[in-house]
Amino acid sequence: MRPPYLLLDVDGVLVPFPQTDGTAPATHTRHNVVPTDRAPDAPVTIWLNPAHGPLLMHVIRTGLVTPVWCTSWRHDATTLIGPLLGLPPLPYIDLPRPQITTSHPNGYLWKRDHVDIWLGDAPAIWLDDDFTSLDHAWAAERTTHGQTTALVQVDPHVGLLPEHLVKVTAFAARWLVTQVGTPNVPFRDEADAA
């Protein structure tokens, strides 16, 4: 029995968007990285919280999730972002490079259709900053059909917080309990309950 996939986004989750004054959270450290499609003399500046690596490793070491990058950084998440956080090489979903002007071209997150195909009937916990109500409806529909799915929404200007990983671990533990014969208890994010 494979544990749920933990789908990890980068931008807005591990790399927060700047505040209106252009600053990043004080907890984050500046790094210049060179993604695959960039020239060495044109690095990209990112801000990462060094505490995220140990927090994510704690969740990974529980064995309750199978981590996978789910980001437009694709392979660069494994080669650039992960090492800066002290993460081991993780697999990634090879998302396409769509020609879009919004992250919600159909009213929902552009990655969703690709993720749905990639997941098949596997359970998943998805950390991202850009879900819409249609994404939450999709997750509920998957769960109703036995493909347990939880979305954990992150504020893109703050980034990942420990409480997000508490939700991930709690959901994964509940999922495991349901696999050993306890009646299915649906996951509800506090934001969903409001």
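See the values below:
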read-out	value
Dipole magnitude (debye, nearest 20) for the chain, charges at Cβ of Lys, Arg, Asp, Glu	520
Average Cα contact separation per residue, the range 83-149, under 8 Å, 6 or more apart, as relative contact order %	29
Magnitude of the charge dipole, the range 7-104, Cβ model with Lys/Arg +1 and Asp/Glu -1, debye to 20	180
Most mobile listed residue (I60, I100, I81) in the chain, GNM with C-alpha springs under 10 Å	I100
Portion, in percent, of the accessible area of the chain that falls on carbon or sulfur, probe 1.4 Å	57
Label-to-label distance, nm, for residues given as E141 and I100 (7 Å Cα→Cβ offset)	1.6
Whole-Å distance, taken between Cα centres, linking the range 142-179 and the range 109-138	12
Leading residue at positive end of dipole, the chain (Cβ point charges), from L48, A140, L165	L165
Computed over the range 50-94: relative contact order in percent, which uses C-alpha pairs under 8 Å that are six or more apart	44
Estimated 222 nm signal from helices in the chain, with DSSP H stretches of n ≥ 4 weighted -39500 (n - 2.57), rounded to 500	-8500 deg cm²/dmol
Accessible solvent surface per residue of the range 61-170, calculated while the other protein chains remain in place, 1.4 angstrom probe, Å²	45
Around P96: net Lys/Arg minus Asp/Glu count, Cβ-Cβ under 11 Å	+1
For the chain, built as a Gaussian network whose Cα springs stay under 10 Å, the top-fluctuating residue of P88, P25, P40	P40
Listed residues M57, M1, W175: farthest to the positive end of the dipole of the chain (Cβ charges)	M1
Extension reserve of the A170-R38 stretch, reckoned as 0.36 nm per residue once the Cα distance is removed	43.6 nm
Three-way shape label, the range 27-104, alpha-carbon gyration tensor, a/c 1.5	oblate
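The values are calculated or read from the model by the stated rules, or taken from the named source; none is laboratory data. This is a predicted model, so every value here is computed, not measured. When we count neighbours, we look across all protein chains shown, and the Cβ atoms used for this are built from the backbone with ideal geometry, even at glycine. Please note that ligands, DNA and RNA were not included when accessible areas were found on the heavy atoms of the full protein model with its side chains. Shrake-Rupley method; radii C 1.70, N 1.55, O 1.52, S 1.80 Å.
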